[in-house]
Amino acid sequence: MHAPFTLIRVVALVLAVGLSTAACGKYAIGNLRSLMAFKEANELYKRQDFPKAVEAYQRAIEHNPEFGISYFFLGNSYDNMYKPGRKGEAENDGYLTKAVENYTKATEVIKDTDPQGVEIRKLSFEYLIAAYGADKIDDFEKAEPIALKLVSLDPNEPANYYSLSKLYEDRGRYEEAEAMANKGVEVRPNEPLGYMLLAGFHNRQANWEKTMEAWEKRAKIEPNNPEAHHTIATYLYEKALKDFRLSAATKQAYITRALQAEDTALALHADYFEALTYKNILLRLQASTERDLKKRKALIDEADVLLKHALEVQKSQTVDARKKPVK
């Protein structure tokens, strides 16, 4: 349940750090050789040439071992060299070991007084947690204290609670996972992402009521986001279609609520292709439950109109996409 770690995010930091160090020497790289090695490493990193980036970051550290930011990027280069499909191979697993060593070193060397370093230090903790997580090293005993420390360092950052929540969920400690996810939402109650992550957690636990409660809260704080209302409709549709334990009345209620959600989405964005498509499907599902033949035909006719509109929108969007110049 932690935020995705993307190469794009780190490359953006590479650019920011590179510009800062080149502009004013803010991070006190000891000498020209260290600065040159760091800049070279950044260029190699951006090109995703991680083996050569490792060599260049190592040179930067040799010339100035107090520049903690280099340890993070060195660790992340090793991290990117690790291949999950080759887990168990000594060389491949060694990349993770080196990644962990350098992430740890970054958390120790980077000072809290360094504005740029604060973000890198936080990333170092996040990537350490991910490295020890179930998808990689799978060492909960190492990951938990790091996640707890990250929470203590910045208790007002929701992502820290979500990282801890994911660790607990992976261990089957669902009550603690839910508590941490809720804490993340409490810290920043007007942030949609928290409710989306909470909904995902409850959905994985097959808790329908809490899943929908989270989606509804998300829509409440994003009333002008058509996707928020459309998402509610998709969950209601899936429930009405697949849960054969539902009574006819409950099934009809879910279909009606889903249609209302799609109507809200379409009122905000009349050419919202996904909402048009789903409303068309929902109307057909409603028609299948209707005994009155005239009402059934009216529903199907309305669905046909929506489907035609959806296909026109799709065609228009495809043409527009083809017209856009390739950069």
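Taken together, the values in this text are just the output of simple stated rules run on the coordinates, not laboratory data. All figures in this text were calculated on a predicted structure; none of them were measured in a lab. Cβ: placed from backbone, ideal geometry, glycine included. Neighbour counts: every protein chain shown.
The table below gives the values:
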{"item": "Spherically averaged projected area in nm², based on the convex hull that wraps the Cα atoms of segment 223-327", "result": "7.9 nm²"}
{"item": "At R0 = 41 Å, FRET efficiency that the Cβ-Cβ distance of Glu238 and Val118 yields, to 0.05", "result": "0.45"}
{"item": "Simple spin-label estimate for Thr97 and Lys297 in nanometres, 7 Å along Cα-Cβ", "result": "7.6 nm"}
{"item": "Value in Å of the Kirkwood radius, where segment 147-292 supplies the Cα pairs that are averaged", "result": "16.5 Å"}
{"item": "Segment 102-189 - charge dipole about Cα centre, Lys and Arg +1 at Cβ, Asp and Glu -1, debye rounded to 20", "result": "220 debye"}
{"item": "Spherically averaged projected area of segment 132-206 from its Cα convex hull (nm²)", "result": "4.7 nm²"}
{"item": "Subset of Lys210/Lys315; Lys39/Lys142; Lys87/Lys149 violating a 31 Å alpha-carbon distance limit", "result": "Lys210/Lys315; Lys39/Lys142"}
{"item": "All lysines inside 22 Å of Lys297 as judged from Cα atoms, apart from same-chain residues fewer than 8 positions distant", "result": "Lys251, Lys279, Lys308"}
{"item": "Calculated FRET efficiency for the pair Gln252/Ser316, C-beta based, R₀ 35 Å, to 0.05", "result": "0.55"}
{"item": "Selected from Gln58, Asn182, Ile146, residue furthest toward positive end of dipole (the chain; charges at beta carbon)", "result": "Asn182"}
{"item": "Estimated [θ] at 222 nm from DSSP helical runs (n ≥ 4, -39500 (n - 2.57)) normalised by residues in the chain, nearest 500", "result": "-26000 deg cm²/dmol"}
{"item": "Kirkwood-Stokes translational diffusion coefficient of the chain, alpha-carbon pairs, 37 °C, 0.692 mPa s, µm²/s", "result": "142 µm²/s"}
{"item": "The chain: angle of helix 7-24 to the longest principal axis, Cα-based, in degrees nearest 10", "result": "40 degrees"}
{"item": "Electrostatic dipole magnitude of segment 223-327 [Cβ: Lys, Arg +1; Asp, Glu -1; Cα centre; debye, to 20]", "result": "260 debye"}
{"item": "Mean Cα-pair separation over length for segment 104-250, i.e. relative contact order, pairs under 8 Å, 6 or more apart, %", "result": "11 percent"}
{"item": "Nearest-ten-degree value, helix 208-221 long axis tilted from longest Cα axis of the chain", "result": "80 degrees"}
{"item": "Surrounding net charge for Tyr78, when Lys and Arg each add one and Asp and Glu each subtract one, Cβ distance under 9 Å", "result": "-1"}
{"item": "Phi to ³J(HN,Hα) by Karplus 6.51 cos²θ - 1.76 cosθ + 1.60 over segment 85-98, Hz, x for Gly, Pro", "result": "x, 10, 4, x, 7, 4, 5, 5, 5, x, 4, 5, 4, 5"}
{"item": "Globularity ratio of segment 32-174, using Cα Rg and 2.2 N^0.38 Å", "result": "1.07"}
{"item": "Extended-chain gain in nm, criterion 0.36 nm per residue less alpha-carbon gap, Arg245 and Ala134", "result": "36.5 nm"}
{"item": "Compactness of segment 70-119 as Cα Rg over 2.2 N^0.38 Å, two decimals", "result": "1.30"}
{"item": "Set of aspartates and glutamates near Lys83 by C-alpha distance (under 14 Å), chain-local residues within fewer than 8 positions excluded", "result": "Glu91, Asp93, Asp135"}
{"item": "Highest-first arrangement of 168-178, 50-60, where packing means the average Cβ count within 10 Å", "result": "50-60, 168-178"}
